[in-house]
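Taken together, the values in this text are just the output of simple stated rules run on the coordinates, not laboratory data. Remember, it's a predicted structure, so these values are computed and weren't measured experimentally. All Cβ positions, even for glycine, are placed from backbone atoms using ideal geometry, and neighbour counts span all protein chains on display.
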Amino acid sequence: MIHFDSAPPTEPNRHALPIKRTPTGRAIVGIITCHDLIGTNTHFHRGRTRPCTKEDCPACGDGIPFRWHGYVSLWNPKTKEHVILELTARMAERIAEYRQTTGTLRGARLRCQRVNLSPNAKAMVEIGPENVEALRLPPPPDLVKCMATIWNFSHDEMTVNGTQKDLARVDIKPNHALRTFDPQVEPDNLGGKRNGNLIRPA
Ligand SMILES: [Zn+2]
């Protein structure tokens, strides 16, 4: 039997937020919905960003260098779009500073914009308090579970484990069955055009 609803689900899949990078030529703006950012070392490998699983990491095995990326959830009050924003370490440092002074990122207004039109140009970060009382902010997503969904890992393979440079650090345990992926069937949903560099400048 098929059950039809007369309205969209009030609780859409909470672990299926799309991931975004700072766009080229315009700013990304929104209200942060998570309390803290998370981050881990990643590789740009086989055409997409993948987390480093340390032991038995296929990208490490291919000699691909890693770089750290951070993630926050960002909600746009105008479009109601709720996304995960990928941060460079430099961007994350500014956000982590704010987190240290206020105790939470949730409710902060964030604006990120690249300094020029290059897709890998440095992104400037503006973060500050926002009056969110009148806004119905979505509940904070479980960022670790969101990233597990994006990277096609099981949720229990990823944990927040301590801190790295004062930023929450995600550990990813390798799992042969789940780590295999085919870039042909899993399109890179990060948007933007990648260049051939394996390490993108911050
Ligand atoms: Zn690795």
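Could you grab me the full set of residues in segment 53-69 that are crowded, with 19+ Cβ neighbours inside 10 Å and near the ligand (Cβ under 9 Å from one of its atoms)?
Thr53, Cys57, Ala59, Phe66, listed by residue number.
Take segment 110-164 and flag every residue that is farther than 22 Å from Pro51 by Cα and assigned to a strand (DSSP E or B).
The answer is Leu110, Arg111, Cys112, Gln113, Arg114, Met124, Val125, Glu126, Ile127, Gly128, Pro129.
Evaluate the following for Arg106: is it of a type in the set (Lys, Arg), under 23 Å from Arg136 (Cβ atoms), more than 16 Å from the ligand (Cβ to nearest atom) and part of a loop (DSSP other than H, G, I, E, B)?
yes
If we keep just the residues of segment 70-99 that are outside any helix (DSSP H, G or I) and without any contact (Cβ under 8 Å) to a residue 60 or more places away in the chain, which is nearest to the ligand (Cβ to nearest atom)?
Top of the filtered list is Leu87.
Is segment 8-28 home to any residue that is within 16 Å of the ligand (Cβ to nearest atom) and under 17 Å from the mean Cα position of the chain (by Cα)?
Looking for residues that are within 16 Å of the ligand (Cβ to nearest atom) and under 17 Å from the mean Cα position of the chain (by Cα), one finds none in segment 8-28, hence no.
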